[in-house]
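Inspection log for the structure reproduced underneath, given as structure tokens.
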Amino acid sequence: MIRRWSTLICLLSLAAGWLFGQTAPTTGLRDNTPTVHAFTNAKIVVAPGKVIARGTLVIRNGTIEAVGEKVAPPADARVWNLDGRTLYPGLIELSSDLGMPKPAPTPTGSPFAAPVQQTPAEKPKGAAHWNTRMHAEVNADEEFTPDAKAAEKLRSQGFTVALVAPQSGIFRGTSALVNLGDDVATDLIVKRRVAQHLHIEPSGGFGGGYPNSLMGVIAFVRQTYFDADWYRKAQDSYAKNPAGQKHPEVNSALSALANAVQNKTPTVIEVASDLNFLRAARIGREFSLNLWILGNGQEYRRIDAVKSTKVPVLVHVNFPEAPSVDTPEEAYNVSLEDLRHYDAAPENAGRLQNAGVTIALTSAQLKDAGTFLAQTRKAIERGLSSDAALTALTMTPAKMLGLEKQYGTLEQGKVANFIITDGDFFAEKTKIQEVWIDGEQYEVKAPPLADVRGTWDFKTDRERGTLSLRGDIDKPTGTLSARGKEMRLATVSVSGGRLAITFASDSLGMPGTVLMSGTGNDKEMFGVMEAPDGSSFNWQATRKSAAKAEPDTTKPKKIEMAAASLTFPPTEYGRPKLPEQPASVLIKNATIWTQGPQGKLANADMLVTKGKIAQVGSNIAAPKDAVVLDAAGKHLSPGIIDAHSHTAISGTVNEGGQAITPETRIEDVINPDDIWIYRQLSGGTTMAMVLHGSANPIGGQSSILKWRWGAPAEELALAGAPPGVKFALGENVKQSSVTPQRGVAARYPQTRMGVEELIRDRFNAALDYERSWKEWEKNKLQIPPRKDLELDCILEIVKGKREIHAHAYRQDEMLMILRLAEEYGIRVASFEHGLEGYKIADAIAKHGAGVSTFSDWWAYKIEAWDAIPGAGSLMHDQGVVVAFKSDNDQLASRLNWEAAKAVKYGLSEEEAFKFVTLNPAKHLKIDKWVGSLEVGKDADFVLWSGNPLSVYSRCEQTWVDGRKYFDAEEDKQLQDQIVKERAALIQKILAARKAQAPPAGGPPMRSRRPNETNLGTVNGEGQSHETN
């Protein structure tokens, strides 16, 4: 029997060393308490799946000395009889902030807002990194402060050691493995500098410096890894050959990354979405990191992709709360994506485990770590086996830490970290009684000293009767019989050797409640009672019989697994797989807008073979097994191309933390789940150039994407498309609407002159960068140049290998960038917006630039004041290749109507429709693949109910690469399926809990559902592009 006073003995034995580590001198009498213990008659779970039904565990000096069925307790051991108890290996927590300083709150803001004035930060000490979010040099072992309450909370869940990591910044520093006992830091820290930790989510907003976007964070992480590698090589080079060289900078943060860059220590990246999981894995692959990822619980949604990364996943059990669906308005505002995730999230761990992904469970992200076991039971109920859960908390984390010889199982020679329970570890009613850490006992939920359940002869100074107790050992229920009356006990609690009971005594002629307390053992009990009238008297009880085994009347839980199967994307209108690509498709009897040399063909056919256009003409014979579409009375056109889009970007479209940011890449933040991809397909748009915003003179790298709805992000890009970059001029980049606060420096540049000089300076810097590499190639004994992602991109621009797409409104700034480009022998591919382009159309045409403009937007800000609705037609007449673009998610779903407006200003229907088909393809230099229906081009086409320029026509089918990604008839079916699936999930939520009444005052105000952005007024749409 385990006695509570043993805890006191252990604490007293620690008292002498409480304030000191092992190296401190002894004060007073030395601590020489025996530390040999033998735990007998226990069920011992040596490792998941390896169980000793009844055995003995012996520990000596904090180490397991022996374990087995026939192990005899040593003569010098204290023996603990654990009959009916079970021993488990101590759990290992791989993601904790225990004992770490709390991160400071970060500001938020707009890309065009003035910087927030903050209390001046203390100047960094030592060889600090230039970026305040770079803390790789911070070490948890140096920051750690023991937190007794937090450690106790984790012990209550069975954890014995935890990996604690700093919490501030993008690069946060190294973690330390600590014991969860009560001691000083020097004795609690088990292993220093275990892993380098990162968080690749943007924070701080635009007032918080660089980076402040997801694409900026990823670029910063990539540049930092290149810098760390360069730093190591530069230091080595200088040490070997210092003569004639300037010494490289000393940088503590970059130095701290050396082990991670060389794959000597793990790197842990925390992410907030399944897409960011894959982005983190991509970083890991690029830099050959020993990567772990702390997931966000959505990994099951892309389980094949997650598995293919071969990255261990730290899986939290912080499942979403049930969404509020108690009124029709509330239910409407919950997306199907969120309903599905609520339903499926508890299955994340089980699905990953069953797929063969290496997982370790963690209490990270739980508001209360004390709920970890309860949440883990939900995961077990929903598909994770108990053995797999135990493995994910013991053996797997031990192996990941490289400490499998010390932790993870109860085997000879390992550290004496173990748990004592009163039953199967993950059973709902099982209680953790004790946790032992390094051979020291920590009480969690000690059992009562006596089992009072059973039947007792009861007597007081006045009465005799029978006391019957049953149920839980520490909180039983029961009855007291006296004077022929049976009274149900209202409350019974047992703690240690004390018992407390209350019951209503009205049936004994004493209206009110009797209070009882007492103490005792297995054979007898005694104490005092207080009657409702205030009188008190003694009582005593003698055991009559022990409690009988009671049948388990607990009704088994009805476990419902997630109702929905996986779709791609995991949102409305997702599909289980990509649409099939038929070997041949023949569209017959259509009016075909080829937008090529054949012009518009009446009653014509088009044959598609393996995703390419094979024939366009009349009376084409259908190949065997071809899919044949009779398009009589319908119109067939090329897919619409949006030459200026910000659709499908995760996070903000601007990296506004710096003026020059071409190191950022749209390809890093493509969001294939954006519902606007599907909506744009429904309007005939098949592809777009997705651009960085217009906050910077030189912004980020663009991506040309096909709207392959349901494909992963990396499969949206058009292979072979010329790379591009976003430039911006005018009001946005010089921050005309920003008034800096007093004492806060404005961002350079603040004038159009400054914009020109900054771009010129970066062009020259890129050429200098190129020269430095050429010089180094001649003498590689010198310090190598630093790889600079910004200058790599600008050098591509200056060498004509990357297309410039320049946001500009006014004719003077357009002329400036044309002349600046010509100064370096390069060309501007297109002006974005270009509202005053009609004033200098001849110069634009001579230079060879195109213009992606609005059909009829003007006067929505000062630099748009001189815009006119006929500008597109005027520029077209001067030989400029003109495109109409969206710059807006919603507008991109009806660009055919925008093209139609050009007819009013003198263009033919075919020329007007080229503004959204062939002309944008020419801008992007992809017209050899798309933009017209010609033999050999990609089979990207749209079937319309009538003339595509008519507001009465609708898109019936949209095909990309010979696959049908939108079908109006299928869309109706999908809508019906969505309604039914939503209703079923909502009913499932309501059935799982009691419905709550709506708030007083009526139903809540209806708000927009996720992805319902840019649906405001025409004025709102007109303003949306100002930041883009």
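Charge dipole (Cα centre; +1 on Lys/Arg Cβ, -1 on Asp/Glu Cβ; no other charges) of the chain amounts to roughly 1860 debye. In the range 385-461, one over the average inverse separation of all distinct C-alpha pairs is 15.2 Å, which is the Kirkwood hydrodynamic radius. Annotation: peptides 870-876, 186-192, ranked by per-residue average of other Cβ atoms within 10 Å with the highest first, follow the order 870-876, 186-192. Taking every alpha-carbon pair under 8 Å whose residues sit at least 6 apart, the range 454-545 reaches a relative contact order of 25 percent. Extending 7 Å from the Cα toward the beta-carbon at both R993 and I862 defines two label points whose distance is 5.2 nm. Cα centroid separation, the range 156-217 to the range 521-582: 36 Å. Applying both filters, DSSP loop and at most 16 other Cβ atoms within 10 Å, to the trypsin sites (Lys or Arg not before Pro) of the range 479-509 gives R483. Along the charge dipole of the chain, Cβ charges K/R +1 and D/E -1, which of L91, Y809, A900 sits furthest on the positive end? The Cα lying farthest towards the positive end belongs to L91.
The computed percent of Cα pairs over 57 Å apart for the structure shown corresponds, within [x] 29; [y] 19; [z] 65, to [x].
Cα centroids of the range 635-672 and the range 426-499: 66 Å apart. For the range 665-758, the Cβ-based charge dipole about the Cα centre amounts to some 300 debye (Lys, Arg positive; Asp, Glu negative; other atoms uncharged).
What the Cβ-Cβ distance of A128 and E404 gives, at R0 = 30 Å and to the nearest 0.05, is a FRET efficiency of 0.20. Taking all C-alpha pairs of the range 307-348, those more than 16 Å from each other amount to 50 percent. Go through K102/K307; K799/K914; K50/K429; K50/K149; K149/K988; K706/K972 and tell me which ones have a Cα-Cα distance over 26 Å in this structure. Over 26 Å Cα-Cα: K102/K307; K799/K914; K50/K149; K149/K988. Taking label points 7 Å from Cα along the Cα-to-Cβ direction, K191 and E775 give a separation of 4.5 nm. For the chain, the mean residue ellipticity at 222 nm estimated from helices alone is -7000 deg cm²/dmol, where every DSSP H run of n ≥ 4 contributes -39500 (n - 2.57) and the total is divided by all residues, rounded to the nearest 500.
Compute the FRET efficiency between E411 and E152 as 1/(1 + (r/R0)^6), taking r as their Cβ-Cβ distance and R0 = 22 Å, and round to the nearest 0.05. Here the calculated transfer efficiency is 0.20.
Legend: ranking of residues W944, W539 from fewest to most surrounding C-beta atoms inside 10 Å; resulting order W539, W944. How high is the relative contact order of the range 584-638, given as a whole-number percent (alpha carbon pairs under 8 Å, six or more residues apart)? For the range 584-638, the relative contact order is 46 percent. For the chain, relative contact order (Cα pairs under 8 Å, six or more residues apart, normalised by length) works out to 10 percent.
Taking 7 Å steps out from each Cα toward its Cβ at N538 and K555 produces label points 4.8 nm apart. How large is log10 I(q)/I(0) at q = 0.10, 0.21 Å⁻¹ when the Debye formula is applied to the Cα atoms of the range 217-375, each weighted equally and without solvent? Results for the range 217-375 at q = 0.10, 0.21 Å⁻¹ read -0.51, -1.28. Overall, the range 584-638 carries a charge dipole of about 100 debye about its Cα centre when +1 sits on the Cβ of Lys and Arg and -1 on the Cβ of Asp and Glu, all other atoms neutral. Three principal axis extents describe the C-alpha atoms of the range 838-877; from largest down they are 29, 17, 14 Å. Sequentially through the range 410-422, phi angles give Karplus couplings (6.51, -1.76, 1.60; θ = phi - 60°) of 9, 10, 3, x, 8, 5, 7, 10, 8, 10, 10, 10, 9 Hz, Gly and Pro residues having no value and appearing as x. Scattering from the range 525-608 was approximated by placing one identical point on each alpha carbon and applying the Debye formula without solvent; log10 I(q)/I(0) at 0.17, 0.27 1/Å stands at -1.01, -1.22. Out of the DSSP beta bridges found with both residues in the range 584-638, what percent are antiparallel (nearest 5)? About 65 percent, rounded to the nearest 5. Proximity of backbone amide H atoms, modeled 1.01 Å from N, is registered between F727 and G699, H805, A806, H807 at under 5 Å, excluding neighbours fewer than 5 places apart on the same chain.
Packing, taken as the mean count of other beta carbons within 10 Å per residue, orders the peptides 72-79, 149-156, 751-758 from highest to lowest as 149-156, 751-758, 72-79. Under 18 Å Cα to Cα from K588, which aspartates and glutamates show up? Leave out anything in the same chain fewer than 8 places away. Within the straight-line limit of under 18 Å, K588 reaches these aspartates and glutamates: D605, D625, D630, E934, D940, E956, D967. Does the range 145-193 classify as rounded, prolate or oblate by the C-alpha gyration tensor (a ≥ b ≥ c root eigenvalues; a/c under 1.5 gives rounded; else a/b over b/c gives prolate, otherwise oblate)? Note, shape of the range 145-193 comes out prolate. The fewest-to-most ranking of K914, K600 by surrounding Cβ atoms within 10 Å reads K600, K914. I'd like the antiparallel share, as a percent to the nearest 5, of DSSP beta bridges with both residues in the chain. Approximately 70 percent, going by the DSSP bridge assignments. When DSSP beta bridges are restricted to pairs lying wholly in the range 601-752, around 70% turn out antiparallel.
Each peptide in 167-176, 330-339, 883-892, 131-140 receives the mean, over its residues, of other Cβ atoms within 10 Å, and ordering these scores from highest gives 883-892, 167-176, 131-140, 330-339. Full extension of the chain between N81 and E910 yields a length gain of 289.3 nm, computed as 0.36 nm times the residue separation minus the alpha carbon distance. Of the three principal axes defined by the Cα atoms of the range 584-638, the extents in descending order read 29, 21, 16 Å. With the Cα gyration tensor of the range 454-545 giving a ≥ b ≥ c as the square roots of its eigenvalues, does the rule (a/c under 1.5 for rounded; else a/b larger than b/c for prolate; else oblate) give rounded, prolate or oblate? Verdict is rounded for the range 454-545.
FYI, it's all coordinate maths here, none of it is from the lab. Note that the coordinates shown come from a computational prediction; the quantities given were computed from them, not determined experimentally. FYI the Cβ positions are ideal-geometry reconstructions off the backbone, even for glycines, and counts take in every protein chain you see.
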